[in-house]
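Peer 1: Structure in structure tokens, see below.
The values are calculated or read from the model by the stated rules, or taken from the named source; none is laboratory data. Every value quoted in this text rests on a predicted model; they were computed, and no experiment measured them. Neighbour counts are summed over all protein chains in view; Cβ atoms, including those assigned to glycine, are modelled from backbone coordinates with ideal geometry. Each accessible area value is taken on the protein alone, full model and side chains, heavy atoms only, with ligands, DNA and RNA left out. Shrake-Rupley method; radii C 1.70, N 1.55, O 1.52, S 1.80 Å.
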Amino acid sequence: MSEQAMQRADPLAFRQAASRFATGVAVLTALDLHGEACGMTANSFVTISLSPPTVLVSVKSGRTHDAVSASRRYGVNVLPEQAKALSKHFADRSREAFPGYDIVDGLPRLSNCVAFFACEVIRTIDVSDHTLFIAEVSTCDYCDSLPLVFFSSRYHLGPGQPVDH
Ligand SMILES: Cc1cc2nc3c(=O)[nH]c(=O)nc-3n(C[C@H](O)[C@H](O)[C@H](O)COP(=O)(O)OP(=O)(O)OC[C@H]3O[C@@H](n4cnc5c(N)ncnc54)[C@H](O)[C@@H]3O)c2cc1C
């Protein structure tokens, strides 16, 4: 153990620097203890390994966290570029209605998502006020529509222009 306290980045600088890492936007979905669909906007989705197909999401306490903890399953719905309103809907605490979805592999799959992953939790790690839900992917699908992008705390259309390899 170091005798000196570890230096911590300034919170505002950290937030602004982190916002420069462009991500897609997903809605994490689950079924709660009553079998009701619930979901929240998340951009902490990470692919951990391809074999076995393993992912993680980092989730703060709340309804979706409770549902994933109890059911040990979650769906990751990657949003298309025209879905800013849907992202805002699922980030709003006061949301009530759950928009159109099907049940795929026992999990809510939003209509028109660009990609969907059905995930089985294999490990959880609590880190400060979040839980990392590490999961194996039991099914997935995708289409060729462009995704919604989150960068510098704002929504952007699509991934921009490809650059040469
Ligand atoms: C682009 C984007 C990306 C995001 N990515 C993530 C992400 O990766 N991980 C993540 O965790 N969040 C993320 N969020 C935020 C998240 O979408 C919202 O916090 C959402 O409302 C969480 O929904 P929920 O169903 O889990 O929680 P809800 O139950 O709706 O609660 C919302 C928040 O309020 C708090 N809360 C709930 N009930 C109470 C209460 N009674 N008293 C006090 N506080 C309470 C919860 O801790 C939670 O943080 C993101 C938001 C946006 C816009």
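Peer 1: Tally time: how many residues in the range 89-103 are loosely packed, with under 15 Cβ neighbours inside 10 Å and touching a strand residue (DSSP E or B) at 6+ places or on another chain (Cβ under 8 Å)?
Peer 2: Residues of the range 89-103 that are loosely packed, with under 15 Cβ neighbours inside 10 Å, as a first pass: 91-94, 96-97, 100, 102-103.
Checking which are touching a strand residue (DSSP E or B) at 6+ places or on another chain (Cβ under 8 Å) leaves us with 91, 100, 102-103.
So the count comes out to 4.
Peer 1: Also, quick follow-up: Please verify whether the range 107-119 includes one or more residues that are surrounded by fewer than 14 Cβ atoms within 10 Å (Cβ to Cβ) and not hydroxyl-bearing (Ser, Thr, Tyr). Give the steps one after another, and end with the answer.
Peer 2: Residues of the range 107-119 that are surrounded by fewer than 14 Cβ atoms within 10 Å (Cβ to Cβ), as a first pass: 111.
After this cut, where a residue has to be not hydroxyl-bearing (Ser, Thr, Tyr) as well, the list is none.
So far as the range 107-119 goes, no, none of its residues is surrounded by fewer than 14 Cβ atoms within 10 Å (Cβ to Cβ) and not hydroxyl-bearing (Ser, Thr, Tyr).
Peer 1: Further question on the same structure: Does Ile122 fit the bill of being part of a strand (DSSP E or B), touching a residue at least 12 places away in the same chain (Cβ under 8 Å), in contact with a strand residue (DSSP E or B) (Cβ under 9 Å, 6 or more places away or on another chain) and open to solvent by 70 Å² or more (accessible area, probe 1.4 Å)? Outline the logic, then answer.
Peer 2: Numbers: part of a strand (DSSP E or B): yes; touching a residue at least 12 places away in the same chain (Cβ under 8 Å): yes; in contact with a strand residue (DSSP E or B) (Cβ under 9 Å, 6 or more places away or on another chain): yes; open to solvent by 70 Å² or more (accessible area, probe 1.4 Å): yes.
Taking the combined requirement at face value, the residue satisfies it.
Peer 1: Got a sec? Which strands (runs of 3 or more DSSP E) wholly within the range 18-69 have at least 3 residues that are within 19 Å of Ile103 (Cα to Cα) and in contact (Cβ under 8 Å) with a residue 24 or more places away in the chain? Lay out the reasoning, then the answer.
Peer 2: Details: elements: 26-31, 37-42, 46-49, 54-60.
Result: 26-31, 37-42.
Peer 1: Test Phe133 against the criterion of being within 16 Å of the ligand (Cβ to nearest atom), hydrophobic (A, V, I, L, M, F, W, C), part of a strand (DSSP E or B) and within 23 Å of Glu36 (Cα to Cα), and give yes or no. I'd like the intermediate steps shown before the answer.
Peer 2: Values: within 16 Å of the ligand (Cβ to nearest atom): yes; hydrophobic (A, V, I, L, M, F, W, C): yes; part of a strand (DSSP E or B): yes; within 23 Å of Glu36 (Cα to Cα): yes.
Yes: the conditions hold for Phe133.
Peer 1: Pick from Arg20, Arg73, Arg63: which is basic (Lys, Arg) and surrounded by fewer than 12 Cβ atoms within 10 Å (Cβ to Cβ)?
Peer 2: Working: Arg73 fails: surrounded by fewer than 12 Cβ atoms within 10 Å (Cβ to Cβ); Arg63 fails: surrounded by fewer than 12 Cβ atoms within 10 Å (Cβ to Cβ).
Criteria check complete, one pass: Arg20.
Peer 1: Could you please give the count of residues in the range 70-117 that are within 30 Å of Pro52 (Cα to Cα) and either assigned to a strand (DSSP E or B) or more than 11 Å from the ligand (Cβ to nearest atom) (or both)?
Peer 2: Residues in the range 70-117 being within 30 Å of Pro52 (Cα to Cα) and either assigned to a strand (DSSP E or B) or more than 11 Å from the ligand (Cβ to nearest atom) (or both): 28 in total.
Peer 1: Which condition does Leu28 not pass, out of (1) within 10 Å of the ligand (Cβ to nearest atom); (2) open to solvent by 40 Å² or more (accessible area, probe 1.4 Å), if it passes all the others?
Peer 2: Of (1) within 10 Å of the ligand (Cβ to nearest atom); (2) open to solvent by 40 Å² or more (accessible area, probe 1.4 Å), only one is false for Leu28: (2).
Peer 1: Checking Arg63 against (1) over 22 Å from Asn112 (Cα atoms); (2) away from the ligand (no atom under 12 Å from the Cβ), which test does it fail?
Peer 2: (2)
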